[in-house]
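Notes for the one structure printed next.
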């Protein structure tokens, strides 16, 4: 093969490989996009039924219920609210009345099954001091 | 007084940087000699400025606003120093000081270089340094004073109070700033019109050293995430992590590419481009972390104004360099042609794969940005995309890692190559199948990881045996670094596919088992630390009825900031880690706990350490004394 | 020097240029937050350290205003409705229930000074917030906005828009009255005390707790907290005022767990093991067996019994002398 033909062949195969790579990349990207919805949008059925998505809002005060490892709480955006279920430990920064983003799927019963809870970092929050362990009962 | 000294050193550093940038443009050739002393002075002043800030932190001088915001009297001394670079301003000062130190080091070792090359390289570095110093003085003054110093500082962000976090920023910053050296060398080469083996030799040393720092810095960041974030993960494809990974990928491609230039004069224009892009990714990373364009747990305070200044800096510096490359590179010397099957080809493929990986990571990181410009709503890119892209690209790369070092330069003979490799291929395939069969259900990822690392290790062994362990420092370094890659690949794939996790609610003296390990909660009691109060759980690890270890996870409350953190307790082992985090108490007196058994996690960092070690060995082997004929020819051309 | 520019070599430059455009246009948008904006009411006021408008060079910090109820009114010289609310602001200032501070939000200091000179100044102090960062931390996006902040730094009210006499009558004055009620005062002082304690400022914590206890003298918990801090300040010794406070607490509520625990600790300090044991047993009886506090009491009691047994044993082995009690 002459040098020129070889260069052309290399260029052609590089272009083909490149296009294939980009196509695969975009496919992988699209399949892994996690969209964000507000509770109002979720309530209006704008969020996908079977896919993973994120929802953000405030945790409604007094809505946290714990049954052993299973926790449930309500996320609201001031207009509508959605109940969220989560199994396991909640992050340190999770508190009622604070902002939160949950990632998971809508359950069949209209509640949201959260796989991950991402609580927002807030520097002004003051939790009750841990040294209050001597107090009887919840504060 | 201290603020005055600090400001003065920064201003002086700026002055020297500007002077340094101007030297190459000076008419009389004898002024070129000024480049070296100017570089040394810039380094001195920048270091002094940083030392002033660090000193203020150690003394707890709350007259400095940064000290008041990020330190306190009750903070241990090591963390006070770390507080110096916890803020945007402090870390940018660290960036500038790192750049100045690298420049001074280059100036010192470039004694025998052709004066014009040295002057141009130092000039570019001076220009970049001047831009940073100017940005610091005008928009991010680290030495802002408070008229009424508060009695107590606000303490350092508790997440940063960890040993890994003391060393991670300096190392990472040295890596980022260090990539400016190959950049400057590339620009100087483009101006001068030649980038041959001598240029490659000089650049390779500095590129490899910067790459070592970057490797260690990233590894430490990963160690911190594992220890501190409480979830047992070590890499999250977070935008800030990606911002450090992209320059690393580019720098890896660069140091490999430079080998071809040094030995055969091939891949010259590619190496120049990689050198420019490496620093470009470095600046991009710096921009992404500080501009607020992407939201991340790690990002500094959002400030669009500062972001704009950094973007303009990046656009001008990198844009001008790329334009220069577009103009000058085509005319630069071509190498001897090489066949499709040769070491050069392997290196070309390697470059393509690494750069492709960097672009894949960039695409994933910026995709949310692009989609928001198109009003497709806030979006996150899930980790599986990155994992899949990396697996797809790293596997062929690992394959090449076995072939490349064994292939000849110019033209490799397929039969002899195949002969050298077949033993290794056999070993890796058989062994991975054997392991998969022995371990029962093990995921495809684990099998792939084992196969890849065994392939690399066995080809390495075969090569070492064939040469009886002899070889230049560069080759020895390569062997150690590639071994590091094999160890890392094994650790990463097994960690990802092999861990177990369980969340439990336990009473005192209750037992939980996971993966054959027994955990017994003995009690939860308050403890106090230097600047925090904590609830500490004591958990015994039992095996066959005997207590073999104890773990003490904590929930801490840092007094000054009133921030709660979870400190996981980790029992580190050679092949498995036991990882326990303490959660909330339940109303009935039980405590929530997360128990994890993580496998081969330590191998991930051992691999990174080996990689860095290999790099250091390779860098130490670069000839620094200039061969006589080359420098004379260089002078004649310049 | 050939002037040939190959197409392939321009690709990196072109891609980079596109990248910069994407990043640059993304910058002009304000920093994004994924979740809904959080209400500041019920949360701690953000920390700030701002220059005073009429005393350049002097700073006012948020922490300086702790310990009193105060009002923050965010305004600007470029804001029309701000002028309309001046009469209401003056009325508020004259009523004197809480000091009124102004926040000059995204306003050049000279413009602010001129405006106040032209229009009369109802504020005790005006703070300069030229960049608007403190205002934004409070959640201010447009002015005027008025906040009422409690003794412990908690924001209790936010009113967007100009103040009118009706708003004063229906929202602000009732709130100020409620915040001055003994229970509210005690709560706020108590929270403030916790904050001072966490910063190691024990004297201020004691002061705050005294205020709290003065507001609610019959609250056993406050008495115990005060006793605890006084003791901490005195090398963890309960003798003296702390012990007296604990005794008062026990008179108010003989079954108060915290008071009983402290009384037991005091007894131990004096060497009266038996009394300590009685107090702690009584406290334990009030607790659920699984509570963390119960576990600690049991541990203390066990240690006590162990010590008694050991000293009894020691006494028995030495030549028949009775245990020192």
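Residue check: is residue C:68 part of a loop (DSSP other than H, G, I, E, B) and farther than 24 Å from residue C:42 by Cβ? Talk me through it step by step, then tell me what you get.
Working: part of a loop (DSSP other than H, G, I, E, B): yes; farther than 24 Å from residue C:42 by Cβ: no.
Criteria not met by residue C:68.
Assess whether residue B:78 counts as being touching a helix residue (DSSP H, G or I) at 6+ places or on another chain (Cβ under 9 Å), surrounded by 24 or more Cβ atoms within 10 Å (Cβ to Cβ) and farther than 30 Å from residue C:59 by Cα. Taking the combined requirement at face value, the residue does not satisfy it.
Residue under question is residue C:237, and the condition is that it be in a helix (DSSP H, G or I) and in the same structural domain as residue C:293 (by TED's automatic domain parsing); does it hold? Spelling it out, it is not the case that residue C:237 is in a helix (DSSP H, G or I) and in the same structural domain as residue C:293 (by TED's automatic domain parsing). Within the option set B:66, B:5, B:48, B:53, being more than 17 Å from residue B:131 (Cα to Cα), within 14 Å of chain C (Cβ to nearest Cβ) and touching a residue at least 12 places away in the same chain (Cβ under 8 Å) holds for one residue only, B:66. Of the numbered conditions (1) touching a residue at least 24 places away in the same chain (Cβ under 8 Å); (2) farther than 30 Å from residue B:582 by Cβ; (3) surrounded by 15 or more Cβ atoms within 10 Å (Cβ to Cβ); (4) away from chain C (no Cβ under 14 Å), residue A:49 satisfies every one except a single condition; which is it? The failed condition is (3). Here is the figure for segment B:84-128: residues that are under 20 Å from residue B:156 (Cβ atoms) and either outside any helix (DSSP H, G or I) or more than 20 Å from the chain's Cα centre (by Cα) (or both) total 5.
Just to be sure, is residue B:388 over 20 Å from residue B:478 (Cβ atoms) and assigned by TED's automatic domain parsing to the domain that holds residue B:458? Show your work before the answer.
Values: over 20 Å from residue B:478 (Cβ atoms): yes; assigned by TED's automatic domain parsing to the domain that holds residue B:458: no.
No, not satisfied.
Scanning segment B:110-146 for residues that are within 14 Å of chain C (Cβ to nearest Cβ) and over 13 Å from residue B:66 (Cα atoms) turns up just one, B:139.
From C:116, C:157, which residue is in contact with a helix residue (DSSP H, G or I) (Cβ under 6 Å, 6 or more places away or on another chain), in contact (Cβ under 8 Å) with a residue 24 or more places away in the chain and surrounded by fewer than 21 Cβ atoms within 10 Å (Cβ to Cβ)? Spell out the reasoning first.
Working: C:116 fails: in contact with a helix residue (DSSP H, G or I) (Cβ under 6 Å, 6 or more places away or on another chain).
The match here is C:157.
When residues of segment B:317-330 are filtered for being free of Cβ contacts under 8 Å to residues at least 24 places away in the same chain and either more than 9 Å from chain C (Cβ to nearest Cβ) or not in a helix (DSSP H, G or I) (or both), how many remain? Within segment B:317-330, residues that are free of Cβ contacts under 8 Å to residues at least 24 places away in the same chain and either more than 9 Å from chain C (Cβ to nearest Cβ) or not in a helix (DSSP H, G or I) (or both) number 1.
Checking every residue in segment C:270-280 against the condition of being loosely packed, with under 15 Cβ neighbours inside 10 Å and closer than 30 Å to residue B:509 by Cα gives at least one match.
Any idea which of A:82, A:117, A:74 is in a strand (DSSP E or B) and either at pLDDT below 90 or within 8 Å of another protein chain (Cβ to nearest Cβ) (or both)? Even if it seems obvious, please write down each step before you answer.
Values: A:82 fails: either at pLDDT below 90 or within 8 Å of another protein chain (Cβ to nearest Cβ) (or both); A:74 fails: either at pLDDT below 90 or within 8 Å of another protein chain (Cβ to nearest Cβ) (or both).
When all the criteria are applied, what remains is A:117.
The selection criterion, being over 23 Å from residue B:499 (Cβ atoms) and not assigned by TED's automatic domain parsing to the domain that holds residue B:478, holds for residue B:587. Only one entry in B:557, B:578, B:551 is in contact with a strand residue (DSSP E or B) (Cβ under 9 Å, 6 or more places away or on another chain) and facing chain A (nearest Cβ under 10 Å), namely B:557.
What about residue C:195, is it in a helix (DSSP H, G or I) and either without any contact (Cβ under 8 Å) to a residue 12 or more places away in the chain or within 14 Å of chain B (Cβ to nearest Cβ) (or both)? Explain how you work it out, then say what you get.
Details: in a helix (DSSP H, G or I): yes; either without any contact (Cβ under 8 Å) to a residue 12 or more places away in the chain or within 14 Å of chain B (Cβ to nearest Cβ) (or both): yes.
Criteria met by residue C:195.
Looking only at residues in segment C:64-86 that are touching a residue at least 60 places away in the same chain (Cβ under 8 Å) and out of contact with any helix residue (DSSP H, G or I) (no Cβ under 8 Å at 6 or more places or on another chain), the one that is nearest to residue C:155 (Cα to Cα) is C:70. Taken over segment B:1-29, residues that are farther than 11 Å from residue B:119 by Cα and either modelled with pLDDT of 80 or more or not in a loop (DSSP other than H, G, I, E, B) (or both) amount to 18.
Looking for something part of a helix (DSSP H, G or I), out of contact with any strand residue (DSSP E or B) (no Cβ under 6 Å at 6 or more places or on another chain) and over 29 Å from residue C:189 (Cα atoms) - is there at least one such residue anywhere in segment C:134-154? Looking for residues that are part of a helix (DSSP H, G or I), out of contact with any strand residue (DSSP E or B) (no Cβ under 6 Å at 6 or more places or on another chain) and over 29 Å from residue C:189 (Cα atoms), one finds none in segment C:134-154, hence no. A search for C-beta distances below 6 Å between a residue of segment B:175-198 that is touching a residue at least 12 places away in the same chain (Cβ under 8 Å) and any residue that is buried (at least 24 other Cβ atoms within 10 Å of the Cβ) and in a loop (DSSP other than H, G, I, E, B), counting only pairs 6+ apart in sequence or on different chains, returns B:189/B:195.
Residue-by-condition table, conditions (1) under 17 Å from the mean Cα position of the chain (by Cα); (2) within 14 Å of chain C (Cβ to nearest Cβ):
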| position | (1), (2) |
| --- | --- |
| B:226 | yes, no |
| B:236 | yes, no |
| B:252 | yes, no |
| B:255 | yes, no |
| B:260 | no, no |
| B:269 | no, yes |
| B:283 | yes, yes |
| B:289 | yes, yes |
| B:308 | no, yes |
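Against the test of being closer than 22 Å to residue B:603 by Cβ, crowded, with 16+ Cβ neighbours inside 10 Å, out of contact with any strand residue (DSSP E or B) (no Cβ under 7 Å at 6 or more places or on another chain) and assigned by TED's automatic domain parsing to the domain that holds residue B:483, the options B:433, B:429, B:452 yield a single qualifying residue, B:452. Scan segment C:164-186 for residues that are touching a residue at least 12 places away in the same chain (Cβ under 8 Å) and not in a helix (DSSP H, G or I) and the total you get is 2.
Please indicate, with yes or no, whether at least one residue in segment B:92-99 is farther than 18 Å from residue B:180 by Cα and either surrounded by 23 or more Cβ atoms within 10 Å (Cβ to Cβ) or within 14 Å of another protein chain (Cβ to nearest Cβ) (or both).
Filtering segment B:92-99 for residues farther than 18 Å from residue B:180 by Cα gives none.
Within segment B:92-99, not a single residue is farther than 18 Å from residue B:180 by Cα and either surrounded by 23 or more Cβ atoms within 10 Å (Cβ to Cβ) or within 14 Å of another protein chain (Cβ to nearest Cβ) (or both).
Regarding residue A:18, is this residue within 10 Å of another protein chain (Cβ to nearest Cβ) and without any contact (Cβ under 8 Å) to a residue 24 or more places away in the chain? Yes, satisfied. Inspection of segment B:360-374 identifies at least one residue that is more than 8 Å from every other protein chain (Cβ to nearest Cβ), at pLDDT below 85 and either within 30 Å of residue A:6 (Cα to Cα) or over 31 Å from the mean Cα position of the chain (by Cα) (or both). Condition test on residue C:228, is it buried (at least 16 other Cβ atoms within 10 Å of the Cβ) and touching a helix residue (DSSP H, G or I) at 6+ places or on another chain (Cβ under 8 Å)? Yes; evaluated as a whole, the condition is true for this residue.
The values are calculated or read from the model by the stated rules, or taken from the named source; none is laboratory data. Computed from a predicted model, the values in this text were never measured in an experiment. Note that we place each Cβ from the backbone using ideal geometry, even for glycine, and neighbour counts take in every protein chain shown.
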